[in-house]
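Student: A single structure is presented below for examination.
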Amino acid sequence: MKEGQTIADVLSGAADWVVVTGDCLQVLPTIPAGSVGAVVTDPPYGIGASRMSFGMWRTSQMRKTGWDDVAGQVAPIISMDVPTVVWGGNYFDLPPTRGFLVWNKGAGFAGRDFAECEMAWTNVDANARVMTHDPLAAGDYRNKQHPTQKPVSVMQWSIDFLRLPADTLILDPFCGSGTTGVAAIKTGRRFIGIEIDPGYADIARRRIREAAPTLFAEVAKPQQLMIGDAPC
């Protein structure tokens, strides 16, 4: 999966993914209408999470840039009129939907000070779905790069829910540490990420680069035939 330097690289087919540093409100108008196949994002909720300390995960030692002081503006991405998933959708004024996604965080979060689940708004006319995944038991928070970083499996589930064709171009205008990009690459989709913080943009690029060779190796690995089997 080839990394691009500009959004134009991905749109032209010269690259498979790119993370650009910039304000999505300024970058989004430069993307031609109809060129993006879906939006999957986890914007700032405006609840001050950037100033919180999450104890055992040492997020108090992470970058403190005020990224969650103001909620992300989601209206521009909703107006793109493509299949869309917005995590934290319950914090935003969005159209009614029955296609909510609910991530149940499992036993590790039951009865604690943290939310036991998170919700994503979608514009898909489908039944609401629930995924139970305990990020503590799964070890998702080891080497966590962003205070509110979602597990890759949750973002892959979000993409799968949209039932997108292979090679669909997925946009995340609030890219953060790049989890949506990692999930997109792992599911064989192309990706454009926009991140306003240069530090997090660098982290996102590194994580996607690390995921891309792994995917290629999985796809390229030849199948081992058992004795007596014949290739088709």
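Student: How many residues are over 20 Å from MET1 (Cβ atoms) and at pLDDT 95 or above if we restrict to segment 144-173?
Tutor: Number satisfying all stated conditions: 5.
Student: Give the residue, chosen from VAL10, VAL20, VAL27, that is under 24 Å from PHE161 (Cα atoms), modelled with pLDDT of 95 or more and open to solvent by less than 50 Å² (accessible area, probe 1.4 Å).
Tutor: VAL10
Student: So which pairs qualify, if the first residue must be in segment 105-127 and free of Cβ contacts under 8 Å to residues at least 60 places away in the same chain and among the hydroxyl-bearing types (Ser, Thr, Tyr), the second must be surrounded by 14 or more Cβ atoms within 10 Å (Cβ to Cβ) and outside any loop (DSSP other than H, G, I, E, B), the Cβ gap must be under 6 Å, and the two must be at least 6 apart or on different chains?
Tutor: Sorted first by the residue in segment 105-127, then by its partner, the pairs are THR122/VAL85.
Student: Among the listed residues ILE159, ILE194, ILE208, ILE170, identify the single one that is surrounded by 21 or more Cβ atoms within 10 Å (Cβ to Cβ) and more than 14 Å from ASP42 (Cβ to Cβ).
Tutor: ILE208
Student: Considering only residues that are closer than 18 Å to ILE185 by Cα and part of a helix (DSSP H, G or I), which ones fall in segment 9-41?
Tutor: ASP9, VAL10, LEU11
Student: Return the pair list, or none, for Cβ contacts closer than 8 Å from residues in segment 176-188 that are open to solvent by 10 Å² or more (accessible area, probe 1.4 Å) to residues that are among the small types (Gly, Ala, Ser) and assigned to a loop (DSSP other than H, G, I, E, B), at least 6 apart or on different chains.
Tutor: GLY188/ALA166
Table: residues versus (1) open to solvent by less than 30 Å² (accessible area, probe 1.4 Å); (2) β-branched (Val, Ile, Thr); (3) within 18 Å of SER177 (Cβ to Cβ); (4) at pLDDT 50 or above.
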site	(1), (2), (3), (4)
GLN61	no, no, yes, no
VAL82	yes, yes, no, yes
VAL85	yes, yes, yes, yes
PRO96	no, no, no, yes
ASN104	no, no, no, yes
PHE109	yes, no, no, yes
ARG112	no, no, no, yes
TRP121	yes, no, no, yes
ASP125	no, no, no, yes
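Student: Related question: Tell me, yes or no, whether segment 134-143 has at least one residue that is modelled with pLDDT of 85 or more, buried (at least 18 other Cβ atoms within 10 Å of the Cβ) and not in a loop (DSSP other than H, G, I, E, B).
Tutor: So far as segment 134-143 goes, yes, one or more of its residues are modelled with pLDDT of 85 or more, buried (at least 18 other Cβ atoms within 10 Å of the Cβ) and not in a loop (DSSP other than H, G, I, E, B).
Student: Go through segment 172-185 and give me each residue that's in contact with a Phe, Trp or Tyr (Cβ under 8 Å, 6 or more places away or on another chain) and either outside any loop (DSSP other than H, G, I, E, B) or over 21 Å from ILE196 (Cα atoms) (or both).
Tutor: If the condition is that a residue be in contact with a Phe, Trp or Tyr (Cβ under 8 Å, 6 or more places away or on another chain) and either outside any loop (DSSP other than H, G, I, E, B) or over 21 Å from ILE196 (Cα atoms) (or both), then ASP172, THR180, GLY181, ALA184, ILE185 are the ones that fit.
Student: Would you be able to tell me the number of residues in segment 157-193 that are within 16 Å of VAL124 (Cβ to Cβ) and acidic (Asp, Glu)?
Tutor: 1
The values are calculated or read from the model by the stated rules, or taken from the named source; none is laboratory data. From a predicted model like this one, the values you see are computed outputs, not experimental measurements. Neighbour counts are summed over all protein chains in view; Cβ atoms, including those assigned to glycine, are modelled from backbone coordinates with ideal geometry. What goes into the accessible areas is simple: the full protein's heavy atoms, side chains included, and nothing from ligands, DNA or RNA. Shrake-Rupley method; radii C 1.70, N 1.55, O 1.52, S 1.80 Å.
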